[in-house]
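Take a look at the structure set out below.
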Amino acid sequence: MKHFNNIYFMGIGGIGMSALARYFLHEKKMVAGYDRTETPLTQALEAEGAEVCYKDGVEHIPSTYRFVNSTLVVYTPAVPEDHPQMKYFRQGGFKMEKRSQMLGHLSEGKYVMAVAGTHGKTTTSTLIAWLNQSVGAGGNAFLGGISKNFESNLVLGEGDRLAVEADEFDRSFLRLKPDVAVITSVAADHLDIYGTYEAVVEAFGQFAALIKQGGALVLKQGVDIPLPEGIDIWRYSYDLAESDFYATNIKLCEGGYYDFDVVTPDGVIEGCHLGIPGWVNVENAVAAVASMWCAAKRRGEALDLDLLRKGLREYQGVKRRFEFYVNTPRQVYMDDYAHHPEELEATITSVRKMFPGRKLTAVFQPHLYTRTRDLYREFAAALSHADEVVLVPIYPAREEPIEGVGSEMIAELVDAPTSICERENLAQMLGEADTDVVVSFGAGNIDAYCGAIAAELEKKA
């Protein structure tokens with residue numbers, strides 16, 4: 001890769017792709033790329049020195065990046081193969097690598113701490129990256145969200161540790177060889193790629209088998225996948241005593257925050273407090289602590305528990321994960337990336353515990369036609385835990401519409417008052433409605449309207 005001075009990203013505005021783009025900008029490479037729409041992420045990349053084009057035609061590729069011997073193309077499967085620029089690079093014989101391949105290259109020679117799972121991986125991997133800094137281990141991180149502590153999805157630091165989110169989409173995580181891996185969940189997701197839940201389970205088993213000999217797997221209690229030999233296998237949970245790592249003495253504090261102790265095989269880490277709210281994040285914290293414990297044990301290092309506790313307390317979370325916009329006794333508004341039924345149910349349950357007895361309105365934008373088609377019953381069941389539901393039309397991402405598949409499929413099965421609203425009308429509708437606690441969900445573009453929604457709800461706060 002060293003002889004390529006120009007790096008062109010197909011899908012540069014993706015959260016994972018933008019982290020790689022930032023890395024190569026840091027390495028003084030020439031960076032450019034294509035994305036379909038302008039976003040705060042692409043604007044930030046442009047401000048940092050990248051060239052970004054938003055039109056499909058080959059003529060919009062900057063001339064510097066049209067030389068096959070000096071340009072490396074990094075792409076995401078979210079960009080279709082028949083895209084004009086993709087076809088140009090393919091037919092032109094350019095060196096092309098998936099994002100996952102590139103991440104695999106960059107992880108060589110590092111002590112890799114990877115987090116996989118159909119949900120929970122972004123918060124957990126970001127927390128591991130922050131704890132590495134907090135305890136003095138340092139290192140780098142490629143993250144699947146914008147860390148509020150680092151204000152970036154890329155962390156560059158001294159030390160050989162690399163925290164990385166291992167994405168199961170398109171089997172991308174099979175490019176990594178972790179030293180310690182966390183698997184937070186295995187659910188029926190990305191069935192447009194895998195076909196069956198059994199194939200998803202098999203892929204996670206393959207990922208576990210890639211853990212280096214003598215390494216460790218931190219596995220959520222209850223997750224059943226094929227387990228490899230030659231590694232340490234540890235189970236974790238929120239509060240199940242049969243696990244190797246779990247929380248105990250859990251106390252709910254004002255605002256939905258928690259005090260707790262963490263039980264480890266070596267003893268109890270007392271006096272922990274997580275800097276972000278939600279019971280599900282306590283479980284994510286247990287997984288992160290377990291990963292830190294495994295890394296210290298493997299490398300023969302002492303884990304400074306005071307610095308660990310300080311890191312947990314100072315952790316600020318990830319943008320679009322339990323992100324508060326309004327939080328008063330009269331009105332709450334938060335936004336969350338949840339886009340799978342299990343994520344929705346976990347987050348709604350957490351919000352219920354944070355604000356007991358208050359009316360909860362869930363606003364949900366389904367992501368992908370295939371995911372909606374396969375899981376609409378499960379989405380309806382999860383959303384039924386809210387008092388009121390507002391659905392937004394499906395965000396298609398890379399997909400073409402599927403006849404008969406729409407948000408209406410979910411609405412018909414939700415066991416709570418439900419309406420469907422266009423995204424651009426959400427702010428006005430919620431401003432006029434009788435609301436108390438409002439949470440918006442989705443992995444599409446619903447977040448573009450969070451500011452407008454917050455402005456309307458603040459009037460009632």
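As I understand it, the dipole of the chain uses +1 on the Cβ of Lys and Arg and -1 on the Cβ of Asp and Glu, about the Cα centre. Which of I394, S70, G406 lies farthest toward its positive end?
So the residue we want is S70.
Taking neighbour counts of Cβ atoms within 10 Å as a proxy for exposure, in what order, fewest first, do C253, C53 appear?
With the sparsest Cβ surroundings first, the list reads C253, C53.
Mind running the shape call on the stretch 107-314? Use the C-alpha gyration tensor, a ≥ b ≥ c as the square roots of the eigenvalues: rounded below 1.5 for a/c, prolate if a/b tops b/c, oblate otherwise.
Judged from the Cα gyration tensor, the stretch 107-314 comes out rounded (a/c under 1.5).
So for S63, S243, S147, S440, fewest C-beta neighbours within 10 Å to most, what's the order?
Ascending Cβ contact count within 10 Å gives the list S63, S243, S147, S440.
Once the piece of chain linking D387 and R330 is laid out straight, how much longer is it, given 0.36 nm per residue of separation minus the C-alpha distance between them?
Extending this stretch completely gives an extra 18.9 nm.
From Cα pairs below 8 angstrom and at least 6 apart in sequence, can you work out the relative contact order of the stretch 107-314, rounded to a whole percent?
Relative contact order comes out at 19 percent.
For Rg and Dmax of the Cα atoms in Å, several values are listed as [x] 22.8, 75; [y] 21.9, 64; [z] 27.5, 88; flag the one computed from this structure.
Step by step, Rg and Dmax of the Cα atoms in Å for this structure corresponds to label [y].
Using the basic label-point model (7 angstrom from Cα toward the beta carbon), what is the E27 to E403 distance in nanometres?
Inter-label distance under the simple model: 4.8 nm.
How much length would be gained if the chain were fully extended between Y54 and A448, taking 0.36 nm per residue of separation minus their Cα-Cα distance, in nm to one decimal?
Extra length available between Y54 and A448 comes to 140.1 nm.
Assign unit charges at the C-beta atoms only (+1 for Lys and Arg, -1 for Asp and Glu), then state the dipole size of the chain relative to its Cα centre in Debye, rounded to the nearest 20.
1360
Under 16 Å between alpha carbons, and skipping anything fewer than 8 positions from K110 in its own chain: which aspartates and glutamates qualify?
Hits, sequence-local ones excluded: E158, D160, E165, D179.
Semi-axes of the equivalent ellipsoid of the stretch 323-458: what are they in whole Å, largest first, if each equals the square root of 5 times a C-alpha gyration tensor eigenvalue?
For the stretch 323-458, the ellipsoid semi-axes come out as 23, 16, 13 Å.
Where does the stretch 312-380 land on Rg(C-alpha)/(2.2 N^0.38 Å)?
1.24
Past 28 Å, Cα to Cα: identify those pairs from K121/K459; K98/K177; K98/K319; K121/K177; K121/K310, in the order given.
Going by Cα-Cα distance, K121/K459 fall outside the 28 Å limit.
How large is the convex hull of the C-alpha atoms of the stretch 252-380 per residue, in Å³?
Once divided by residue count, the hull of the stretch 252-380 is 143 Å³.
Mind listing the Cα extents of the stretch 405-461 along all three principal axes, in Å, largest one first?
34, 24, 16
Sorted from largest to smallest, which semi-axis lengths in Å does the alpha carbon gyration tensor of the stretch 6-99 give for its equivalent ellipsoid, taking the root of 5 times each eigenvalue?
Over the Cα atoms of the stretch 6-99, the ellipsoid semi-axes are 18, 15, 12 Å.
How large is the helix-only mean residue ellipticity at 222 nm for the chain, computed as the sum of -39500 (n - 2.57) over DSSP H runs with n ≥ 4, divided by its residue count, in deg cm²/dmol to the nearest 500?
Rounded to the nearest 500, it is -9500 deg cm²/dmol.
Return T71, T124 ranked ascending by Cβ neighbour count within 10 Å, so the fewest neighbours appear first.
By the 10 Å Cβ count, ascending, the order reads T71, T124.
Select from V58, A287, P356 the residue farthest towards the positive end of the dipole of the chain; place +1 on Cβ of Lys and Arg, -1 on Cβ of Asp and Glu, and compute about the Cα centre.
Result: V58, furthest along the dipole toward the positive end.
A short reminder: the numbers here are calculations on the coordinates, not readings from a lab. Since the model is a prediction, treat every value here as computed from it, not as a measurement. Glycine gets a Cβ as well: all are built from the backbone with ideal geometry, and neighbour counts include every protein chain shown.
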